[in-house]
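Read the structure below first, then the notes.
The values are calculated or read from the model by the stated rules, or taken from the named source; none is laboratory data. Note that this is a predicted model, so its numbers are computed, not measured. Glycine gets a Cβ as well: all are built from the backbone with ideal geometry, and neighbour counts include every protein chain shown.
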Amino acid sequence: MEAGIKPSLAKRIIAEVKLEGGQVSREAPSRFERPVADHSPSAGKYSTTGAAPHAASESSLFEIGVAVRDQVKQGEIELDDLCQRYRITRAQGYSIMGAVLSGVLDGAMATEAAVAPHSANAEPGAVRLTGKETVLAVGDLHEPFTHPDYFPFIREVAREYRPDVVVFIGDEADHHSLSYHEHDPDGFSAGHEARVTQKRLERWFNEYPEAYVVPGNHSALPSRKAFTAGLPRRMLRTYAEIWNAPATWQWVMDLEIDGVRYLHGDGKSGRMPALSWALDLRQSVVCGHTHTVGGVHFSASYHDLIFGLDVSCGVDQHAYALRYARNHGKRPVLGCGVVKGYGKRPEFIPML
Ligand SMILES: [Fe+2]
Ligand SMILES: [Fe+2]
């Protein structure tokens with residue numbers, strides 16, 4: 001396989017060929033075993049609908065794509081030429097040309113990390129910090145539906161622990177009015193909710209002049225809605241722009257501090273979601289998202305000792321936006337997390 005081409009890309013080409021009805025035969029020899037076809041004008045053209053006399057194998061389709069990549073990009077090879085030269089069907093030829101032109105063969109296709117709703121308006125890439133003695137992880141705020149005591153509670157914790165870094169674990173805004181689920185017709189309009197959320201977030205901006213936010217599923221509702229409506233990324237605003245946040249507040253998709261990953265946590269649930277993440281990632285994890293779980297769990301092996309810290313949330317369970325959880329049998333655990341000792345000593349602090 002040519003250097004720089006990922007096997008996963010080859011699979012995509014093959015999948016496209018199959019979808020488009022190309023005849024794929026494992027028995028057919030690769031192009032390297034097949035003599036190059038006659039390119040003369042008199043050479044026969046394949047039918048636009050029928051299969052070629054010979055169908056190319058999966059591996060040879062990929063190899064053909066690699067071989068003609070530059071020629072296709074520069075318009076030096078037409079579909080009929082391609083089909084003749086490699087004795088493939090037009091469907092296979094279309095797929096190869098499409099894969100080349102769309103960038104699949106170069107890995108140039110937009111990745112999920114670049115376009116998915118969660119990441120569409122956050123800083124791309126990973127932020128890794130080291131040498132931070134104490135980190136404060138603030139739970140899901142769901143502004144403007146945050147519990148009235150949560151802001152003073154976090155202030156109290158910050159004054160006691162004096163964190164080097166403050167991380168907001170996501171869902172900092174609820175966006176109830178933009179929800180994909182039913183939203184209360186008597187609740188705030190989308191515009192009013194955004195204005196109220198802005199005011200509520202400003203007190204956090206003022207209290208914590210520097211902070212990281214790892215956006216959550218609620219944070220991302222504006223871009224998720226834009227995605228659903230078919231708006232491209234360039235038409236979206238960043239989180240910082242939406243909330244007119246100070247430049248010292250950074251929304252980042254991947255945050256690691258002294259070896260501990262901080263992530264919102266959607267994708268896991270149950271009684272120990274953070275530990276579940278930690279076991280999957282093989283590193284200590286701090287996450288929010290599951291409002292009914294707060295605490296720390298460790299896992300030790302002969303090689304390492306890792307933890308999962310669920311920081312839970314600061315929501316007001318009586319707010320209309322949280323009504324959906326009333327019959328779940330559990331209440332939210334209000335609290336936050338602190339990791340001391342340069343990523344070694346996690347603690348869950350409940351709001352009493
Ligand atoms: Fe949440
Ligand atoms: Fe969430």
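The table below lists the values:
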{"item": "Those residues of segment 317-341 which are among the hydrophobic types (A, V, I, L, M, F, W, C) and touching a helix residue (DSSP H, G or I) at 6+ places or on another chain (Cβ under 8 Å), in sequence order", "result": "Ala321, Leu334, Cys336, Val338"}
{"item": "Matching residues, segment 158-172, being among the β-branched types (Val, Ile, Thr), in contact (Cβ under 8 Å) with a residue 60 or more places away in the chain and away from ligand 2 (no atom under 16 Å from the Cβ)", "result": "Val165"}
{"item": "Some residue of segment 187-199 being surrounded by fewer than 22 Cβ atoms within 10 Å (Cβ to Cβ) and within 13 Å of ligand 1 (Cβ to nearest atom)", "result": "no"}
{"item": "Enumeration of residues in segment 252-268 that are buried (at least 23 other Cβ atoms within 10 Å of the Cβ) and closer than 13 Å to Ala220 by Cα", "result": "His264"}
{"item": "Flag if Pro215 is within 18 Å of the chain's Cα centre (by Cα) and either surrounded by 13 or more Cβ atoms within 10 Å (Cβ to Cβ) or at pLDDT 95 or above (or both)", "result": "yes"}
{"item": "Residue in segment 117-138 that is of a type in the set (S, T, N, Q) and either modelled with pLDDT of 95 or more or within 16 Å of ligand 1 (Cβ to nearest atom) (or both) present", "result": "yes"}
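Here's the yes/no breakdown for (1) among the basic types (Lys, Arg); (2) under 28 Å from Pro222 (Cβ atoms); (3) assigned by TED's automatic domain parsing to the domain that holds Gly265; (4) modelled with pLDDT of 85 or more:
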site	(1), (2), (3), (4)
Gln71	no, no, no, yes
Ile77	no, no, no, yes
His147	no, yes, yes, yes
Pro152	no, no, yes, yes
Arg162	yes, no, yes, yes
Ile169	no, yes, yes, yes
His175	no, yes, yes, yes
Leu178	no, yes, yes, yes
